[in-house]
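S.K.: Here it is: the structure, laid out below.
The values are calculated or read from the model by the stated rules, or taken from the named source; none is laboratory data. Quick caveat, the model's predicted, so the values are computed rather than measured. Glycine gets a Cβ as well: all are built from the backbone with ideal geometry, and neighbour counts include every protein chain shown. These area figures cover heavy atoms from the full protein model, side chains too; ligands, DNA and RNA do not enter into them. Shrake-Rupley method; radii C 1.70, N 1.55, O 1.52, S 1.80 Å.
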Amino acid sequence: MKAWFARDYGGPEVLRLEDVGKPVPKPGEILVKVHATTVNSGDRRIRACDFPPGMKTLGRLALGWNRPRQPILGTELAGKVETVGQGVTRFSPGEAVYAFPGGRMGTHAEYVLIKETGPVAHLPEGVDMLTGAALCFGGTTALTYLRRGDVREGQSMLVLGGAGAVGSAMVQLGKLAGAHVTATTSAGNLDLVRTHGADTVIDYHSTDVSRHNAVFDVIADTVEAMDFARAQKLLKPGGRYLAIAGTLKEMLGSLRKGPEGKRMIAGPADERLEDIVELGRLAALGQYRPHIDKVYAFTDMPAAHAHADTGHKRGSVVVQVAD
């Protein structure tokens, strides 16, 4: 099979398409033929060794000091079960599935091994492969932080960066949770964010949201647009600042509360099978759909990374691996 390798840190030019042996499933594993995957902010951060401030040393220790320890990047996929290992009962060859290996990565390849009990689920009818591949990176992050932030019916939420993969998921799933959602984005994305259900959309180039008259129960910062000190001025008593793109500083700062019971929430998102299944269910109902910015051919993986590097992608960048 073919797979894209990042054997060094650097720009998209470090990626190399190589031939490797096709994996064989062990007992309890399934082999998935990948039809689509994505290039998200996590992939480009690892490839470029571009970790948030204060996280570079920890990032290198966790992911590889001189080069990525797992050279095949990619955190999510949709495809079809090729073969199954001994004892597998949940899946059969030919079934369409979607999966979120997450931090284990490895989906920028033609085939991926996944444990039957791992982060994989049947792709619901009516959800195509390209959509299925993009369900989980933004969606699981949004569900994690909506849960940690205890976002409930009737509350108000400000989403900073409403057009990205995480931001667009936060807008949609926040609305589904019953929140009144205000979102920021650039002028060219105002209509897109409205289509995701935002009640109010603010062009951050023309409006300084920190001077906004409204106050919110929750601020979900998906793009490091603010910090807890600035956020406190926009939070109601007991409000929560979700530092989704937070650094080590935010993770440490989340250990203590601010005035009036205001608090910051930070840290890695959960990777739970229950969330993966829920995102598929919502997609099948038409209640959640990831926005697909561009679709690249598998042979154009470096171009997909280059687009993610611009910082201006809208929603997800999808790579079609097979028809």
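S.K.: What's the number of the only condition in (1) open to solvent by 20 Å² or more (accessible area, probe 1.4 Å); (2) of a type in the set (A, V, I, L, M, F, W, C); (3) in contact with a Ser or Thr (Cβ under 8 Å, 6 or more places away or on another chain) that M170 fails to meet?
M.R.: (1)
S.K.: Just to confirm my filter: which strands (runs of 3 or more DSSP E) fall fully inside region 67-170 and include at least 3 residues that are farther than 29 Å from G188 by Cβ and at pLDDT 95 or above? Even if it seems obvious, please write down each step before you answer.
M.R.: Working: elements: 77-84, 96-99, 111-115, 120-122, 156-160.
Because the criterion is at least 3 residues that are farther than 29 Å from G188 by Cβ and at pLDDT 95 or above, the strands (runs of 3 or more DSSP E) in region 67-170 that meet it are 77-84, 96-99, 111-115, 120-122.
S.K.: Filter region 197-217 for residues that are open to solvent by 30 Å² or more (accessible area, probe 1.4 Å) and hydrophobic (A, V, I, L, M, F, W, C); which is farthest from L235 (Cα to Cα)?
M.R.: A214
S.K.: Okay, next question. Got a sec? Which strands (runs of 3 or more DSSP E) wholly within region 240-323 have at least 3 residues that are at pLDDT 95 or above and under 18 Å from N40 (Cβ atoms)?
M.R.: Hits in region 240-323: 292-297, 316-320.
S.K.: Checking R60 against (1) under 25 Å from E224 (Cα atoms); (2) in contact (Cβ under 8 Å) with a residue 60 or more places away in the chain, only one condition comes out false. Which one?
M.R.: Here R60 meets the rest and fails (2).
S.K.: Taking the criterion of being touching a helix residue (DSSP H, G or I) at 6+ places or on another chain (Cβ under 8 Å) and open to solvent by 60 Å² or more (accessible area, probe 1.4 Å), would at least one residue in region 71-84 satisfy it?
M.R.: Checked region 71-84: no residue is touching a helix residue (DSSP H, G or I) at 6+ places or on another chain (Cβ under 8 Å) and open to solvent by 60 Å² or more (accessible area, probe 1.4 Å).
S.K.: Are any residues in region 17-43 open to solvent by 20 Å² or more (accessible area, probe 1.4 Å), outside any strand (DSSP E or B) and at pLDDT 95 or above, and if so, which ones?
M.R.: If the condition is that a residue be open to solvent by 20 Å² or more (accessible area, probe 1.4 Å), outside any strand (DSSP E or B) and at pLDDT 95 or above, then V20, G21, K22, P23, V24, P25, K26, P27, G28 are the ones that fit.
S.K.: Among (1) open to solvent by 10 Å² or more (accessible area, probe 1.4 Å); (2) farther than 22 Å from H312 by Cα; (3) not hydrophobic (A, V, I, L, M, F, W, C), there is one condition N189 misses while meeting the rest; what is its number?
M.R.: Unmet for N189, out of (1) open to solvent by 10 Å² or more (accessible area, probe 1.4 Å); (2) farther than 22 Å from H312 by Cα; (3) not hydrophobic (A, V, I, L, M, F, W, C): (2).
S.K.: Answer with yes or no whether T131 is hydroxyl-bearing (S, T, Y) and under 19 Å from A269 (Cβ atoms).
M.R.: Criteria not met by T131.
S.K.: Still on this structure: Can you name every residue in region 229-239 that is modelled with pLDDT of 95 or more and either more than 22 Å from V171 (Cβ to Cβ) or of a type in the set (S, T, N, Q) (or both)?
M.R.: P237, G238
S.K.: Next up: In region 1-16, what residues are open to solvent by 70 Å² or more (accessible area, probe 1.4 Å) and either at pLDDT below 95 or in contact with a Phe, Trp or Tyr (Cβ under 7 Å, 6 or more places away or on another chain) (or both)?
M.R.: The one that is open to solvent by 70 Å² or more (accessible area, probe 1.4 Å) and either at pLDDT below 95 or in contact with a Phe, Trp or Tyr (Cβ under 7 Å, 6 or more places away or on another chain) (or both): R16.
S.K.: Here are the criteria: (1) open to solvent by less than 50 Å² (accessible area, probe 1.4 Å); (2) under 28 Å from T195 (Cβ atoms); (3) without any contact (Cβ under 8 Å) to a residue 60 or more places away in the chain; (4) not small (G, A, S). Tell me which single one F228 does not satisfy.
M.R.: Evaluating F228 over (1) open to solvent by less than 50 Å² (accessible area, probe 1.4 Å); (2) under 28 Å from T195 (Cβ atoms); (3) without any contact (Cβ under 8 Å) to a residue 60 or more places away in the chain; (4) not small (G, A, S) leaves (2) as the failure.
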